[in-house]
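See below for the structure under consideration.
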Amino acid sequence: MATHDQLTEWAGLGHVARARRDVVAGWRIPDFMKVQLVEVGIPVAPRLIERVAIQSEADPGLLTSRGPLYRLTELADPDEPADRSSFGVAPETGAVYFVMPDGEAWFANSSVDVWLDVLHRYGRRVTASELLSEPDGPEEYLSEEHEEQAFAELNRLAEELKEVDPASFKGYEGFLWPGLLDRWLY
C-alpha cells in the first residue's frame, strides 16, 4: 500500500491532500478506507487529478450513472472549464470510479486503498518518464523510435497496475485504466 511519503516523493510537497477525519467520519465506506484517505491522502496526478475536492457532506453528492458517489477529486478541461470530471467512491463497497462530465462513471479500482496504490505507481512512473511526463502530451512530437519506447513504458505500466488490481482490467468499455493507457498516444 502507498504511504503519504511515497506520494509526496513524486507529486511534491503540497500536492497530496489528506481528508479531515471529521469529514469522512460520516461516509458510508469501510473504516479502513477512511483511514487511508486521512493518513495517506490523495495526490494531484498528471492527466487525472488537478485538484483534490473531497466533499464534506455525509451523503454522496456526485451524481453518476452508477448512482451517487462521494466526490474525491476534480479534473477540468482547460479549453472547457465547465467540463469537469472527477473521481468518486461508492458508498458501502468503497469502489472508486472516474466520472465523466456527463455523469457516466467508469470503474477505476476495487477500493480506496488499491486506488491510492495504483495512483502512486501511475504517478511515479509518469513523472519519472521523459516520454510520458510532457505537459502537452507526447503525441505531438514523438519520433517513431520514441513512440515505440513510450508504448513499451505504457505496457509495463499497464502490467504493473493490472497486478495491483486485476478487476480494473476485466474489460475495456467503462474501465478507466485500459482505456486511458491505450489512448495515451492517440
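The values are calculated or read from the model by the stated rules, or taken from the named source; none is laboratory data. Computed from a prediction, not measured in an experiment: that's the story for all the values here. Methodologically, a virtual Cβ is constructed for each residue, glycine included, from the backbone with ideal geometry; neighbour enumeration extends over all protein chains shown.
Here are a few things to note about the model shown:
- Of the criteria (1) in a strand (DSSP E or B); (2) modelled with pLDDT of 95 or more; (3) of a type outside the set (Gly, Ala, Ser); (4) closer than 18 Å to VAL126 by Cβ, which one PHE107 fails: (4)
- Members of region 49-70 that are in a loop (DSSP other than H, G, I, E, B) and surrounded by 15 or more Cβ atoms within 10 Å (Cβ to Cβ): GLU50, ALA53, ILE54, GLN55, PRO60, THR64, ARG66
Listed here are the residues, each with its yes/no results for (1) small (Gly, Ala, Ser); (2) touching a residue at least 24 places away in the same chain (Cβ under 8 Å); (3) touching a helix residue (DSSP H, G or I) at 6+ places or on another chain (Cβ under 6 Å); (4) closer than 22 Å to LEU161 by Cβ.
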site: THR3; (1), (2), (3), (4): no, yes, no, yes
site: GLN6; (1), (2), (3), (4): no, yes, yes, yes
site: GLU9; (1), (2), (3), (4): no, yes, no, yes
site: HIS15; (1), (2), (3), (4): no, yes, no, yes
site: ASP22; (1), (2), (3), (4): no, no, no, no
site: VAL35; (1), (2), (3), (4): no, no, no, no
site: PRO46; (1), (2), (3), (4): no, yes, yes, yes
site: GLU50; (1), (2), (3), (4): no, yes, no, yes
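- Residue that is modelled with the highest pLDDT, among those in region 137-173 that are part of a loop (DSSP other than H, G, I, E, B) and surrounded by 15 or more Cβ atoms within 10 Å (Cβ to Cβ): ASP165
- Of all residues in region 116-128, those being touching a strand residue (DSSP E or B) at 6+ places or on another chain (Cβ under 7 Å) and free of Cβ contacts under 8 Å to residues at least 40 places away in the same chain number 0.
- Evaluated against (1) free of Cβ contacts under 8 Å to residues at least 60 places away in the same chain; (2) out of contact with any strand residue (DSSP E or B) (no Cβ under 8 Å at 6 or more places or on another chain); (3) assigned to a loop (DSSP other than H, G, I, E, B); (4) surrounded by 15 or more Cβ atoms within 10 Å (Cβ to Cβ), GLY94 falls short on exactly one condition, (1).
- Of the candidates GLU50, GLU57, GLU9, the single residue that is over 18 Å from VAL114 (Cα atoms), of a type outside the set (A, V, I, L, M) and touching an Asp or Glu at 6+ places or on another chain (Cβ under 7 Å) is GLU50.
- Residue match in region 97-105 (condition: within 17 Å of ARG18 (Cα to Cα) and either touching a residue at least 12 places away in the same chain (Cβ under 8 Å) or among the hydrophobic types (A, V, I, L, M, F, W, C) (or both)): no
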